[in-house]
Amino acid sequence: MKFNFPVETLTKIDTPFYYYDMELLNATLDAVATESGKYGYKVHYAVKANANDRILTAIESKGFGADCVSGQEVQKALDCGFASKGIVFAGVGKSDWEINLGLDNNIACFNVESIPELEIIDELAGKKGKVAKVALRINPNVNANTHHYITTGLNENKFGINQWDLEKVVNTLSELKNVELEGIHFHIGSQITDLHSFKDLCLRVNELQKWFVSHHIMPKVVNVGGGLGINYEQPDEQSIPDFASYFALFNELLELMPGQELHFELGRSMVGQCASLLSKVLYIKEGVQTNFAIVDAGMSDLIRPALYQAYHKIENLTSSLDEEKYDVVGPICESSDCFGKAVALPKTKRGDLIALRSAGAYGEVMANQYNLRTLPKAYYSDSL
Ligand SMILES: *Cc1c(COP(=O)(O)O)cnc(C)c1O
């Protein structure tokens, strides 16, 4: 299935805006459900990738849980219908009100990243006469081979508990009365396209499981996080990521103990291909080597190129002339407000409709109002 542009209708809508192909989203979600279901794995969707109500509602309706990284995300997941027993809460810096919100709603699990955090969850749970379920986020020191800003599983990263501290952590856990170990949690990074990194993760998890066995601890849940990448270069060649190979790899390599559940927290791979940011060309400005195509979307609408030097495929939906090269830039007063350099596009003129592809993940949710711009609107294929 390919992303479908109803170009005639889209040209009538004020730009810039996000356009969601709901059929592609649903087909992607069905693929995740089918492939993870083969092995009885549970998937919590990482809300931070896209917290749009329509998208969350679609994801909830397919039976997925929610992986949240802020109190606001926990509240949003609840508001969009996710059951509290399907909500897990991660993050290195949870505020007291966020922990209390999780406790009040009896969420499934807090993914804990340090001893001081464990102690505060214990204290706040105690005040409420509750026992909080926690998973230890362990830093597996596995390289995700991705952009260094989105690598999270190395010793030098701020995330997770390092292995040499585990002894201390489980000792603390055994002393605290209001927290109960539910599982162990890992997340090595994002936009991982080389499955070898996940293979390394499986082998590390197997090793760590032995450590827990030797300490007579059996975590009920093993949560291996998310990070599966998508094909930004050729979104139509692979509009649905290869979930079959991904889950099969864990089934083949990760050794679960009897009764243990395997959980995942996929974000980008579930929503990345289902949206494009649509924009119109304002001006063609002559440049030294290449001309500039100045469009009405900017880094405030889609920040990934400016923030991580990320690539988004750019298409001109309304021209079919011979190709020329353009630097495609936005109107914002920053040199980094550039979507692509020397991009080959059919000869482009003012008013042409431009699509920035694969913008479903970390797109609309990261939009901001820099330069006092308005936030981009969203439109959906099933309700145009
Ligand atoms: C961001 C994040 C995810 C999702 O990552 P994707 O690359 O979007 O799949 C999962 N778990 C945690 C803890 C995260 O921070």
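The values are calculated or read from the model by the stated rules, or taken from the named source; none is laboratory data. A quick note: this is a predicted structure, and the numbers were derived from the prediction, not measured. With ideal geometry, Cβ positions are generated from the backbone for all residues, glycine too; neighbour counts draw on all protein chains shown. Accessible surface areas use protein heavy atoms only, side chains included; no ligands, DNA or RNA. Shrake-Rupley method; radii C 1.70, N 1.55, O 1.52, S 1.80 Å.
Conditions tested, residue by residue: (1) assigned to a loop (DSSP other than H, G, I, E, B); (2) touching a residue at least 12 places away in the same chain (Cβ under 8 Å); (3) open to solvent by less than 20 Å² (accessible area, probe 1.4 Å); (4) in the same structural domain as A135 (by TED's automatic domain parsing).
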residue: N171; (1), (2), (3), (4): no, no, no, yes
residue: I217; (1), (2), (3), (4): yes, yes, no, yes
residue: I230; (1), (2), (3), (4): yes, yes, yes, yes
residue: Q234; (1), (2), (3), (4): yes, yes, no, yes
residue: A244; (1), (2), (3), (4): no, yes, no, yes
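Annotation: Q369 fulfils all but one of (1) within 16 Å of the ligand (Cβ to nearest atom); (2) surrounded by fewer than 20 Cβ atoms within 10 Å (Cβ to Cβ); the unmet one is (1).
Condition check ((1) part of a loop (DSSP other than H, G, I, E, B); (2) touching a residue at least 60 places away in the same chain (Cβ under 8 Å); (3) not charged (D, E, K, R)) across all residues:
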{"residue": "I294", "(1), (2), (3)": "no, no, yes"}
{"residue": "S300", "(1), (2), (3)": "yes, yes, yes"}
{"residue": "Y311", "(1), (2), (3)": "yes, yes, yes"}
{"residue": "E315", "(1), (2), (3)": "no, no, no"}
{"residue": "V328", "(1), (2), (3)": "no, no, yes"}
{"residue": "P331", "(1), (2), (3)": "yes, no, yes"}
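Which residues, counting only those in the stretch 34-59, are away from the ligand (no atom under 16 Å from the Cβ) and not hydroxyl-bearing (S, T, Y)? Selection gives G37, K38, G40, D53, R54, A58.
Given the condition surrounded by fewer than 20 Cβ atoms within 10 Å (Cβ to Cβ) and part of a loop (DSSP other than H, G, I, E, B), answer yes or no: does some residue in the stretch 352-363 qualify?
Within the stretch 352-363, the first condition is being surrounded by fewer than 20 Cβ atoms within 10 Å (Cβ to Cβ), and the residues that meet it are none.
No, the stretch 352-363 contains no residue that is surrounded by fewer than 20 Cβ atoms within 10 Å (Cβ to Cβ) and part of a loop (DSSP other than H, G, I, E, B).
Checking every residue in the stretch 107-130 against the condition of being polar (S, T, N, Q), touching a Ser or Thr at 6+ places or on another chain (Cβ under 7 Å) and either open to solvent by 30 Å² or more (accessible area, probe 1.4 Å) or at pLDDT below 90 (or both) gives zero matches.
Of all the listed residues (L317, L375), the sole one being more than 16 Å from the ligand (Cβ to nearest atom), aliphatic (A, V, I, L, M), within 26 Å of L25 (Cβ to Cβ) and surrounded by 16 or more Cβ atoms within 10 Å (Cβ to Cβ) is L317. Within the stretch 144-169, the set of residues being open to solvent by less than 70 Å² (accessible area, probe 1.4 Å), in a loop (DSSP other than H, G, I, E, B) and either at pLDDT below 90 or within 16 Å of the ligand (Cβ to nearest atom) (or both) comprises A144, T146, H147, T152, G153, L154, N155, N157, F159, G160.
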